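The values are calculated or read from the model by the stated rules, or taken from the named source; none is laboratory data. A quick note: this is a predicted structure, and the numbers were derived from the prediction, not measured. A quick note on method: Cβ atoms are made from the backbone with ideal geometry, for glycine too, and the neighbour counts reach across all protein chains shown.
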């Protein structure tokens, strides 16, 4: 196996940004900025919890519930007003200590990163030196999300798409093997 092209890791950041942008619309940008400053630990925990949920089948379930820290739920009145203003009453519900979302909302966060990832791979595959490539090995943070794994397989159905179990470990093992080859 030979690596024919370097990897891209920008899409995971796009996913986080999509979530934060959506949350800013829901809570108000100034409230999210205040939340980040006043409750940095809760903010980091919220992002980690969301990433963990998104890596499971979170985005493909009919409704998704994630635990929200009390420090963000103090903006409950703003959130409820924004839910009505944005016509999201059917898609977003506040529960004690939790936010319930329809899968339409959680799936929407993947649109930009998914588009960018697929576009990037298509651009690589369209290079003259890549025309004979029939197998694609996809590893790393991006394919830890089930929705993205499925989309990659669908987008490149004319290729053999290989996505190993424990993708992050595969990257680590590859780096170790590469290091050993350099030392020979």
- Message: Among the residues of the range 25-36, are any under 23 Å from residue 116 (Cα atoms) and either at pLDDT 85 or above or not assigned by TED's automatic domain parsing to the domain that holds residue 97 (or both)?
- Response: yes
- Note on the structure: When residue 152 is run through (1) loosely packed, with under 12 Cβ neighbours inside 10 Å; (2) in contact with a strand residue (DSSP E or B) (Cβ under 7 Å, 6 or more places away or on another chain), the failure sits at (1)
- Message: Would you confirm, using the coordinates I've provided, whether residue 91 is surrounded by fewer than 14 Cβ atoms within 10 Å (Cβ to Cβ) and more than 18 Å from the chain's Cα centre (by Cα)?
- Response: no
- Item | Criterion violated by residue 42 - all others in (1) in a helix (DSSP H, G or I); (2) surrounded by 14 or more Cβ atoms within 10 Å (Cβ to Cβ); (3) free of Cβ contacts under 8 Å to residues at least 12 places away in the same chain satisfied | (3)
- Tally time: how many residues in the range 130-152 are within 27 Å of residue 48 (Cβ to Cβ) and at pLDDT 85 or above? 3
- Task: Select from the range 137-147 the residues that are under 13 Å from the mean Cα position of the chain (by Cα) and part of a loop (DSSP other than H, G, I, E, B) and write down the one among them that is farthest from residue 111 (Cα to Cα).
- Result: 140
- Exactly one condition in (1) within 29 Å of residue 66 (Cα to Cα); (2) assigned to a helix (DSSP H, G or I); (3) free of Cβ contacts under 8 Å to residues at least 24 places away in the same chain; (4) outside the structural domain of residue 25 (by TED's automatic domain parsing) is not met by residue 116; state its number. (3)
- Message: I'd like to know if the range 119-129 contains one or more residues that are modelled with pLDDT of 85 or more, loosely packed, with under 14 Cβ neighbours inside 10 Å, closer than 30 Å to residue 174 by Cα and within 19 Å of the chain's Cα centre (by Cα).
- Response: yes
- Item | Residue under evaluation residue 42, criteria (1) modelled with pLDDT of 80 or more; (2) touching a strand residue (DSSP E or B) at 6+ places or on another chain (Cβ under 8 Å), criterion not met | (2)
- Which number in (1) closer than 29 Å to residue 69 by Cβ; (2) part of a helix (DSSP H, G or I) marks the one condition that residue 150 misses? (1)
- Message: Can you go through 114, 137, 73 and tell me which one is surrounded by 12 or more Cβ atoms within 10 Å (Cβ to Cβ), out of contact with any helix residue (DSSP H, G or I) (no Cβ under 6 Å at 6 or more places or on another chain) and closer than 26 Å to residue 27 by Cβ?
- Response: 73
- Can you tell me which residue within the range 83-113, out of those that are assigned to a loop (DSSP other than H, G, I, E, B) and modelled with pLDDT of 90 or more, is nearest to residue 61 (Cα to Cα)? 91
